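Chemist: I have a structure here, written as C-alpha cells, and I will follow up with some questions on it.
The values are calculated or read from the model by the stated rules, or taken from the named source; none is laboratory data. Computed from a prediction, not measured in an experiment: that's the story for all the values here. When we count neighbours, we look across all protein chains shown, and the Cβ atoms used for this are built from the backbone with ideal geometry, even at glycine. Accessible surface is based on the protein model in full, side chains and every heavy atom, while ligands, DNA and RNA are left aside. Shrake-Rupley method; radii C 1.70, N 1.55, O 1.52, S 1.80 Å.
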Amino acid sequence: MLEIRDLQKSYPIGGTSLHVLKGINLSIKDGEMVAIMGSSGSGKSTLLNIIGMLDELDSGEYILDGLPIKNLTEKKAALYRNKFLGFIFQSFNLINYKNALENVALPLYYQGMSRKDRQEKALFHLGKVGLADWAKHLPKELSGGQNQRVAIARALAANPKLLLADEPTGALDTTTSYEIMAFIQQLNDEGKTILMVTHEEDIANMCKRIVRLKDGVIMEDTKVIQVRADQYV
Amino acid sequence: MFDLDLWREIFQSINKNKTRAALSGFTVAFAIMLFTILFGIANGLENTFEKFFLTTADNALTIRSGTTSKPYKGLQIGRLITYANKDLDYLKKEFGDKIQYITPKLSRTYQLKYKKRKGEYTITGVSPDHQYLEKAVIIKGRFINERDVKNKDKVIAIGRLVEKDLFVKESALGKYIDLEGVVYKVVGVFSDNGGDEQERTIYTGYTTIQRLYLATDEIGSITIGYNPNMSADQALVLVQEITAKLKSRYDVAPNDQRAVRIGNRILQEKKRLDNMTTGLGILIPIIGFGTLIAGILGISNIMIFIVKERTKEIGIRKALGASPRSIVSIILLESILITAFAGYVGLLIGVGVLEAIGSSIERYWITNPSVKPSIVYTATIVLVIAGAIAGFLPAKKASKIKPIVALRNG
C-alpha cells in the first residue's frame, strides 16, 4: 500500500533550515491501522502531510499503491489526493457555509460525479456515521463530535485507499473521542487502511501498530494489541 | 462550456456570504453610478452649448461684397464688387474639401398669388447645398436640385408657413403659384426651426433668378459651410484666406474692409465655445478615469481580502482534490458575476438619478444630462476585467499555496 524510503524534509527558517525528517523508512500494508506518535516537533505531522501529498518531500522515495509520488504537478497531486486519500483533521476543516450533506458531497464533486449520484452517496455515508437526520445542518449547528463524524463521512465518500487522520480526537472530550475511535476502528475492520497522528497513548493503543518518532527519526515501530474503543462508549 | 455544478457552487458561495458579496458589489455599483452621473452632467453641459447653434448650420459663413473704400492698382474708390457664378467654381476649386457646402443667395421680394389668396414673400435663388446650410427639413416633395439649377426651371420649394398661408388646407405639392406673372411649380415644402421668417421663405435655383430677372450671371452673396472637422481657429484662417483670394481676384486693396467681407462674429463666438468644449473634453475623461481608478482600487482591495478570507476553504478544497484551475475559476467567476451585476445596478441607479434631476437643473447650464449606454457598458466591462485581474492574481497565488499552509492559516 505504502512504501517510504529514506525520506528527508527540512524547512527554511530565517537564514538556516530546520531538518524535520532525517531519513524515514516506513512500509504500511493494506488493512493496517497505524498510529504515528511523538512529541511536538518530532516531525509526525510533517510525515503525515507528505504522505497526504499536502506537502512535498525533499529527498527519498514515497510510493503509494505502486505509484511513485514525486515532483507532482498541482493538478496531478489534486487528482491523486481525490482518488487515493481521505483526510480527517483535528479541527474538522468543514466548509462553514455548506451543510453536512454538501460537505460530504464535495470530494465527489471534484471526482466529477453527477449531482444526483453525489447526494445519494453523501447521504449514504452520512447515514453510516449516524447523521442522516442532520444532513441539512450547518457545521456551526453541530457538536464537535458530530462535525468530526461529518468529516469522517466526507473522507469516506470518495472511497479512498488510505485514510489519513491528523489528531482526529484532539479537539474532542474523552467520551466523544472514544466514539470517534470506535467509528475509525469499524472502518478498519471493514478493510480500510488507516494512518493517524496522535500524541495520546490511549488513542494510539486503539490502533494495531505504533510508530514513535523523535527528532525526525523513527525510534520505535511496534505492533500492539488493539484496545477496542466501543467498550468505553 | 456551461458547467451547472460550478455555477451552483458559485451561487451558493455568494448566497451564503452575502456581506462579502454586498461589499464588493457596493464598491462597483457606486463607482459605476458616480461615473454615470458625472458623465451625464458633463454631457448635459455640452448639450447646452450645442443648443446655441441649432438654427443654422454652425459652420456657415456668408461672403458679402460692397464698394471699394481704398484706391488700388490705379482703380478708383467706390467701385462696386459683384460676385458671379465663376466665383463659386473658383472657391470650390481653390479650397477643395475645406468647403463642405456652397450656395449663392439672390433674393427678390414679390407678390405671390394662388387662386384668390396672395401675399408678399421673398424668393431666394440658391444652390441645392442651401438646404444643409439652413438646416431646412423637407416635409413633402424635395428641395431644389442640381437639375433645376442646370435647366433654370421654374420650380420652388416653399416654407411650411407659405403653404399654410396660401393653400390653407390644401397640399401645395405639384400646384402652380403666380409670382407677378411668372408661374412656378411647387416641388417641395420644408420646415426650419430658425423661426417664422425662415418658414415664410421660398427657394428656387439661383440660375432661375438670373435668367428671369437679372439676365446676368451675377450673384448677391455666397454662403459656404466649412468642413465641420475644422476647429474655429482653422475656420478663422480659412476666412482670411478666402478674403485675401477674392480681394486679389477683384483687385481690391488688401486692407480694404468694405469691398469683400466675411462675417466672423459667429466664429469668434464659436472659438470661445470650442475652448470650453476642449476644456470639457479634457475634464470628462479625467472624471471618468478617476472614478474608474477609484472603482478598480476598491474592487482590487476587496478581491485580495476575499481571497485571504477564503484561504482555509481553498486549502480544504485542495485537500479534497480540487485542481488549481477549479480554485481560480470559482473565485474569478464569483467576482465577475458580482461586478457585472453590481455594475448594471449602478448604471440603473445612475440613469435613474439623471432622469429624476434631468429637467430641474437646466438653469445650471445642464440640458438633458444623459450618457451613451456604450460608455457605461465599457466602464462596467473595464471594472469587471479589473476585478477579474485583481482577483486572478491572489486567486492564482492561493491556488498554488500548499494545502497544508492554507489549512494551518485557517
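Chemist: Check B:203, B:176 and return the single one that is surrounded by 20 or more Cβ atoms within 10 Å (Cβ to Cβ) and of a type in the set (Phe, Trp, Tyr).
Modeler: Working: B:176 fails: surrounded by 20 or more Cβ atoms within 10 Å (Cβ to Cβ).
So the residue among B:203, B:176 that is surrounded by 20 or more Cβ atoms within 10 Å (Cβ to Cβ) and of a type in the set (Phe, Trp, Tyr) is B:203.
Chemist: Out of all the residues in the stretch B:316-325, which are in contact (Cβ under 8 Å) with a residue 40 or more places away in the chain and crowded, with 17+ Cβ neighbours inside 10 Å?
Modeler: Restricting attention to the stretch B:316-325, the residues satisfying the condition of being in contact (Cβ under 8 Å) with a residue 40 or more places away in the chain are B:316, B:318-319, B:324-325.
Result: B:316, B:318, B:319, B:324.
Chemist: May I ask you to say which residue of B:404, B:389, B:366, B:361 is more than 14 Å from chain A (Cβ to nearest Cβ), at pLDDT below 80, surrounded by 14 or more Cβ atoms within 10 Å (Cβ to Cβ) and out of contact with any Gly (no Cβ under 7 Å at 6 or more places or on another chain)? Reasoning before the result, please.
Modeler: Numbers: B:404 fails: more than 14 Å from chain A (Cβ to nearest Cβ); B:389 fails: at pLDDT below 80; B:366 fails: out of contact with any Gly (no Cβ under 7 Å at 6 or more places or on another chain).
Checking each option against the conditions leaves just B:361.
Chemist: Among residues belonging to the stretch B:86-110 that are acidic (Asp, Glu) and closer than 13 Å to residue B:246 by Cα, point out the one that is surrounded by the fewest Cβ atoms within 10 Å (Cβ to Cβ).
Modeler: If we take residues in the stretch B:86-110 being acidic (Asp, Glu) and closer than 13 Å to residue B:246 by Cα, then B:89 is surrounded by the fewest Cβ atoms within 10 Å (Cβ to Cβ).
Chemist: For the stretch B:296-312, which residues satisfy the criterion of being crowded, with 24+ Cβ neighbours inside 10 Å and either of a type in the set (Phe, Trp, Tyr) or at the interface with chain A (Cβ under 7 Å from one of its Cβ atoms) (or both)?
Modeler: Residues satisfying the conditions do not exist here.
Chemist: Next up: It is to be established whether one or more residues within the stretch A:5-26 are under 21 Å from residue B:399 (Cβ atoms) and open to solvent by less than 80 Å² (accessible area, probe 1.4 Å).
Modeler: Narrowing the stretch A:5-26 to residues under 21 Å from residue B:399 (Cβ atoms): none.
So far as the stretch A:5-26 goes, no, none of its residues is under 21 Å from residue B:399 (Cβ atoms) and open to solvent by less than 80 Å² (accessible area, probe 1.4 Å).
Chemist: Given the criteria modelled with pLDDT under 95, assigned to a helix (DSSP H, G or I), hydroxyl-bearing (Ser, Thr, Tyr) and open to solvent by less than 30 Å² (accessible area, probe 1.4 Å), does residue A:169 qualify? Let's see the steps before the verdict.
Modeler: On the way: modelled with pLDDT under 95: yes; assigned to a helix (DSSP H, G or I): no; hydroxyl-bearing (Ser, Thr, Tyr): yes; open to solvent by less than 30 Å² (accessible area, probe 1.4 Å): yes.
No.
Chemist: Also, quick follow-up: When you scan the stretch A:88-114, how many residues do you find that are open to solvent by 10 Å² or more (accessible area, probe 1.4 Å) and under 19 Å from residue A:172 (Cβ atoms)?
Modeler: Number of matching residues: 6.
Chemist: A follow-up question, please. Residue B:113 is checked against (1) assigned to a strand (DSSP E or B); (2) open to solvent by less than 20 Å² (accessible area, probe 1.4 Å); (3) not small (Gly, Ala, Ser) and fails just one. What number does that condition carry?
Modeler: (2)
Chemist: Sort through A:178, A:110 and tell me the only one that's within 12 Å of another protein chain (Cβ to nearest Cβ) and without any contact (Cβ under 8 Å) to a residue 60 or more places away in the chain.
Modeler: Being within 12 Å of another protein chain (Cβ to nearest Cβ) and without any contact (Cβ under 8 Å) to a residue 60 or more places away in the chain holds for just one of A:178, A:110, which is A:110.
Chemist: Evaluate the stretch A:84-95: report whether one residue or more is under 12 Å from residue A:157 (Cβ atoms) and more than 12 Å from chain B (Cβ to nearest Cβ).
Modeler: Taking every residue of the stretch A:84-95 in turn, none turns out to be under 12 Å from residue A:157 (Cβ atoms) and more than 12 Å from chain B (Cβ to nearest Cβ).
Chemist: Are any of the residues in the stretch A:131-142 without any contact (Cβ under 8 Å) to a residue 24 or more places away in the chain, over 13 Å from residue A:86 (Cβ atoms), within 13 Å of another protein chain (Cβ to nearest Cβ) and open to solvent by 40 Å² or more (accessible area, probe 1.4 Å)? Give the steps one after another, and end with the answer.
Modeler: Filtering the stretch A:131-142 for residues without any contact (Cβ under 8 Å) to a residue 24 or more places away in the chain gives A:132-133, A:141.
Retained after the next criterion (residues that are over 13 Å from residue A:86 (Cβ atoms)): A:132-133, A:141.
From what's left, within 13 Å of another protein chain (Cβ to nearest Cβ): none.
Taking every residue of the stretch A:131-142 in turn, none turns out to be without any contact (Cβ under 8 Å) to a residue 24 or more places away in the chain, over 13 Å from residue A:86 (Cβ atoms), within 13 Å of another protein chain (Cβ to nearest Cβ) and open to solvent by 40 Å² or more (accessible area, probe 1.4 Å).
Chemist: For the structure I just gave you, tell me whether residue A:148 is in contact (Cβ under 8 Å) with a residue 40 or more places away in the chain and either open to solvent by 30 Å² or more (accessible area, probe 1.4 Å) or not in a helix (DSSP H, G or I) (or both).
Modeler: Details: in contact (Cβ under 8 Å) with a residue 40 or more places away in the chain: yes; either open to solvent by 30 Å² or more (accessible area, probe 1.4 Å) or not in a helix (DSSP H, G or I) (or both): no.
Considered against the rule, which asks whether it is in contact (Cβ under 8 Å) with a residue 40 or more places away in the chain and either open to solvent by 30 Å² or more (accessible area, probe 1.4 Å) or not in a helix (DSSP H, G or I) (or both), residue A:148 comes out as no.
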